[in-house]
Amino acid sequence: MVQIALEDNTFLGIDADWVSVAAAIVALVALTVTVWQAIVATREAGTARDQAEYAKRQAEQAEEQTRLHRKLAEDATLPYVWVDVRPDMAQGVLLRLVLRNEGPTVATNVRVTFEPALQEEPGLRSLAPVEGRLRDGIPSMPPGRELRWVVGRSFNLLSDISVPKAYTVTVDANGPDGRPVPTLRYTVDMTDYELAHGLPDGSLHVLTKEIHKLAGEMAARRSGLEPSTNLDLDVTEHQEDWVRRLRSDD
């Protein structure tokens, strides 16, 4: 057996203090390496955790985008039913209640309510049956279908204090598969037309004015009188005759 002798505090001829210092240095280096490896491992774990969190957020965003695209695609196939009180552009004076399906698919069980109750011009056909039908529901309205009812002449409706000028309308309907579409609720205010010009689009209205003008000129020539140039009077008389026909239908 080989024995290593320690004489005069030496080890293999090296001072024992230096041996202790060297051992301490080695231990310190080993500890430094261990700490560094731990730091690197911690950073790598943090990076992996961040990457996993980022991947999770990416997956959630992709899922949300897919959901939004699906909803947009579904909404694009829904019917869109609206109701309004609008001027009759064929002659420019009458206001009509208009119900229309603007969407690409059939609307079913279309229900419309008015608050307060819809009121027509006094003396014209009552809108109560129309309001009742709309409240109970119209079975179906294909794309582009439009229903119209006469409310009255704008100047009479706006000047009559007994007639409501604004209505809160609520429109409900179902899609072709029976699923309900989002409820529409908004205000229809007839006073918006007070300062608007009720100019007709032309066609039969303009033709009627010209016929009245020509008839007046011909009658004046036969009687030897000056032709009438009061076109407003002619148009008013024509409108009054039209309204009388409406009343006679009741």
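The values are calculated or read from the model by the stated rules, or taken from the named source; none is laboratory data. What you see is a predicted model; the values in this text were computed from it and never measured. Glycine gets a Cβ as well: all are built from the backbone with ideal geometry, and neighbour counts include every protein chain shown.
Screening SER203 against (1) within 25 Å of LEU118 (Cβ to Cβ); (2) at pLDDT below 90; (3) polar (S, T, N, Q) leaves a single unmet condition, (1). So, ARG100, is that one closer than 18 Å to ARG148 by Cβ and at pLDDT 95 or above or not? When the stated conditions are applied, ARG100 passes them.
Residues of the range 150-163 being over 14 Å from ALA90 (Cα atoms) and among the hydrophobic types (A, V, I, L, M, F, W, C), which ones? Matches in the range 150-163: VAL151, PHE155, LEU157, LEU158, ILE161, VAL163. Checked against the criterion of being at pLDDT 90 or above, crowded, with 16+ Cβ neighbours inside 10 Å, assigned by TED's automatic domain parsing to the domain that holds SER140 and hydrophobic (A, V, I, L, M, F, W, C), the candidates VAL106, VAL93 yield just one match: VAL106. If you take the residues of the range 133-165 that are touching a helix residue (DSSP H, G or I) at 6+ places or on another chain (Cβ under 9 Å) and in a helix (DSSP H, G or I), which of them is nearest to THR105 (Cα to Cα)? Once the filter is applied, the top-ranked residue is SER154.
ALA62 falls short on exactly one of the conditions (1) more than 16 Å from the chain's Cα centre (by Cα); (2) within 29 Å of ALA196 (Cα to Cα); (3) among the hydrophobic types (A, V, I, L, M, F, W, C), and that condition is (2).
The requirement of being within 22 Å of LEU157 (Cβ to Cβ), in contact with a Ser or Thr (Cβ under 7 Å, 6 or more places away or on another chain) and at pLDDT 80 or above is fulfilled nowhere in the range 173-183; no residue meets it.
Of all the numbered requirements in (1) more than 20 Å from ASP189 (Cα to Cα); (2) at pLDDT 95 or above, THR168 misses one, and that requirement is (1). I'd like to know if the range 144-152 contains one or more residues that are more than 28 Å from THR191 (Cβ to Cβ), under 21 Å from the mean Cα position of the chain (by Cα), surrounded by 12 or more Cβ atoms within 10 Å (Cβ to Cβ) and modelled with pLDDT of 95 or more. There is at least one residue in the range 144-152 that is more than 28 Å from THR191 (Cβ to Cβ), under 21 Å from the mean Cα position of the chain (by Cα), surrounded by 12 or more Cβ atoms within 10 Å (Cβ to Cβ) and modelled with pLDDT of 95 or more.
Condition check for VAL130 on (1) exposed (fewer than 12 other Cβ atoms within 10 Å of the Cβ); (2) in contact with a Phe, Trp or Tyr (Cβ under 6 Å, 6 or more places away or on another chain): one failure, at (1).
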